[in-house]
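Working notes, beginning with the structure itself.
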Amino acid sequence: MPEEMKRNIVLMGAPGSGKGTQGAILSEKLGIKAFSMGDILRNVATGETKEAKKVKALIDKGNMVPDKLAIRLMEQELFKPENQKGFILDGFPRELSQAKALDKALNSRKYAKLHMDIDLVLLLQVPDDYVIERIIGRYQCAKCKSLYHEKYKHPQVFGICDECGGKEFTRRADDTYETVVSRLRTFRRVTAPVIPYYEMKGLLVCVDGTGPIDVVSEKIRKIVGY
Ligand SMILES: [Zn+2]
């Protein structure tokens with residue numbers, strides 16, 4: 001892979017900014033893994049260790065995992081040999097304290113030779129009303145989970161899933177106006193302070209996240225340099 005290519009990447013953006021989708025595309029193109037804290041927690045929770053049981057209990061109760069534990073689990077994952085060629089973090093760090101703790105872990109003497117420092121922080125920018133429209137309009141096939149949108153992407157034959165021919169569609173219970181607005185507020189209060197932190201380190205690049213998926217991923221491709 002070219003020397004100048006970015007390989008340790010943090011993806012930031014409000015809920016509904018498309019960072020999960022773009023993270024998956026980047027992951028495939030670069031051949032490196034994309035993680036969210038949720039993925040890691042669910043993965044850990046399937047184990048049999050004491051820690052696994054603790055994490056499972058927290059998830060089941062819907063509680064937040066304490067910072068210290070979150071960082072330790074993230075660290076364990078990132079330093080696995082198969083992830084040392086690069087990583088994409090989707091929605092993590094979620095708050096400033098996590099960003100600082102992550103830097104500390106990545107720069108620790110134990111890992112000094114591995115070049116695990118963050119190379120690039122991509123911020124997907126989308127206006128609030130765009131996010132709200134994107135989220136509250138989406139629905140999915142009850143059978144194969146294919147995603148549709150009541151304004152942008154109906155099935156080609158109305159009421160019949162393009163992928164599996166299913167005729168039943170569902171919506172996620174938390175895709176309501178109230179929930180989206182509350183998640184946007186939380187993003188601004190909790191996560192937005194991470195943005196100037198990375199900006200001061202010279203790592204932040206903002207990307208306009210509105211528009212079709214392939215247009216956004218092309219902008220990201222140029223920045224990442226693959
Ligand atoms: Zn379907």
### Query
By the scheme Lys and Arg +1, Asp and Glu -1, what is the net charge of all other residues having a beta-carbon under 14 Å from that of residue 89?
-3
### Query
What is the set of long-range amide H partners of residue 87 at a cut-off below 5 Å, with H atoms built 1.01 Å from backbone N?
8, 9
### Summary
Taking 17, 97 and ranking on accessible area (1.4 Å, protein atoms only), highest first, one gets 97, 17
### Cβ-defined net charge surrounding residue 194, 12 Å radius [Lys, Arg +1; Asp, Glu -1]
+2
### Task
Please list, in chain and number order, the residues 5+ apart from residue 139 or on another chain whose amide H is under 5 Å from its amide H, with Hs placed from the backbone.
148, 149, 150
#### Entry: Listed residue pairs exceeding 20 Å between alpha carbons, taken from 113/219; 85/110; 19/222
113/219
### trypsin sites (Lys or Arg not before Pro) restricted to the range 62-110 and DSSP loop, no more than 16 other C-beta within 10 Å
85
### Query
Going by accessible area, probe 1.4 Å, with all protein chains left in place, what is the ranking of 198, 226, largest first?
226, 198
### the chain - mean residue ellipticity at 222 nm from DSSP helices (-39,500 (n - 2.57) per run, n ≥ 4, rounded to 500)
-12500 deg cm²/dmol
### Query
For residue 95 and residue 150 in one chain, what is 0.36 nm times their gap in residues minus the Cα-Cα distance, to one decimal in nm?
16.5 nm
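The values are calculated or read from the model by the stated rules, or taken from the named source; none is laboratory data. Keep in mind it's a predicted model, so treat the numbers as computed, not measured. Cβ coordinates were reconstructed from backbone atoms using ideal geometry, including for glycine residues, and neighbour counts include every protein chain displayed. The accessibility values were calculated without ligands, DNA or RNA, using every heavy atom of the protein model including side chains. Shrake-Rupley method; radii C 1.70, N 1.55, O 1.52, S 1.80 Å.
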